Amino acid sequence: LYERAAELGVKEAHCELGVLYYDGEDVEKDTSKAIRHYEAAAMRGHVYARYNLGCWEDNAGNYDLALQHCMIAANMGCQVSLNCVKRMLMNCLATKADYAEALRGYQSATEEMQSSDRAEARKK
């Protein structure tokens with residue numbers, strides 16, 4: 001079902017296929033297919049696929065690409081990506097300006113997700 005949904009462009013299906021191929025779960029492990037599916041999901045706006053690409057690039061030593069992926073995901077409201085940018089700052093792989101930009105983007109994204117209706121619903 002994931003394959004069919006991915007063919008239709010469903011970002012969640014691409015991300016799930018990325019996980020399955022990366023882990024070799026229910027399919028033969030295939031890192032290149034995993035990356036292709038993560039990329040497809042990320043291009044469609046899937047925040048955790050973008051974060052996973054950042055982790056992949058970080059592990060491969062491609063710190064500039066890792067930072068780019070994590071910055072994009074942080075700007076989409078992904079706290080673990082913001083933490084990744086902070087870790088990169090602490091390891092001198094990102095600048096204070098990079099972290100400040102990621103923090104502003106993260107805060108902006110999380111503020112957009114908040115609404116008076118959600119706040120009211122939490123009270124009940």
Query raised in the report: the range 1-49 to the range 51-81: how many Å between their Cα centroids?
Result: 17 Å
Report summary line: Once both label points are put 7 Å beyond Cα along the C-beta direction, the ALA60-ARG36 separation in nm becomes 1.5 nm
Query raised in the report: Of [x] 1.18; [y] 1.95; [z] 1.42, which one was derived for Cα Rg over 2.2 N^0.38 Å from the structure shown?
Result: [x]
Report task. Starting from the Cα of LYS11, draw a straight line to each of the aspartates and glutamates and keep only those under 16 Å, dropping any in the same chain fewer than 8 residues away. Result -> GLU3, GLU39
Query raised in the report: What figure in square angstrom, to the nearest 10, would you give for the accessible area of CYS78 with a 1.4 Å probe?
Result: 0 Å²
Report task. Quickly estimate the mean residue ellipticity at 222 nm for the chain, helices only: each DSSP H run with n ≥ 4 gives -39500 (n - 2.57), and the total goes over all residues, rounded to 500. Result -> -24000 deg cm²/dmol
Query - Fraction of accessible area attributable to carbon and sulfur, the chain (%, probe 1.4 Å) - result: 50 percent
Query raised in the report: For the residue pair THR95 and LEU1, what label-to-label distance in nm results when each label sits 7 Å from Cα along the Cα-to-beta-carbon direction?
Result: 4.8 nm
Query raised in the report: Under unit Cβ charges (Lys, Arg +1; Asp, Glu -1), what dipole magnitude, rounded to 20 debye, does the chain have relative to its Cα centre?
Result: 540 debye
Report task. Give, as ranges by residue number, the residues of the range 29-61 whose backbone N falls under 19 Å from the point 7 Å along Cα→Cβ of ARG87. Result -> 47-61
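The values are calculated or read from the model by the stated rules, or taken from the named source; none is laboratory data. Predicted model, so just to flag it, every value in this text is computed and none were measured. For neighbour counting, all protein chains shown are included, and Cβ atoms are generated from backbone atoms with ideal geometry for every residue, glycine included. Each accessible area value is taken on the protein alone, full model and side chains, heavy atoms only, with ligands, DNA and RNA left out. Shrake-Rupley method; radii C 1.70, N 1.55, O 1.52, S 1.80 Å.
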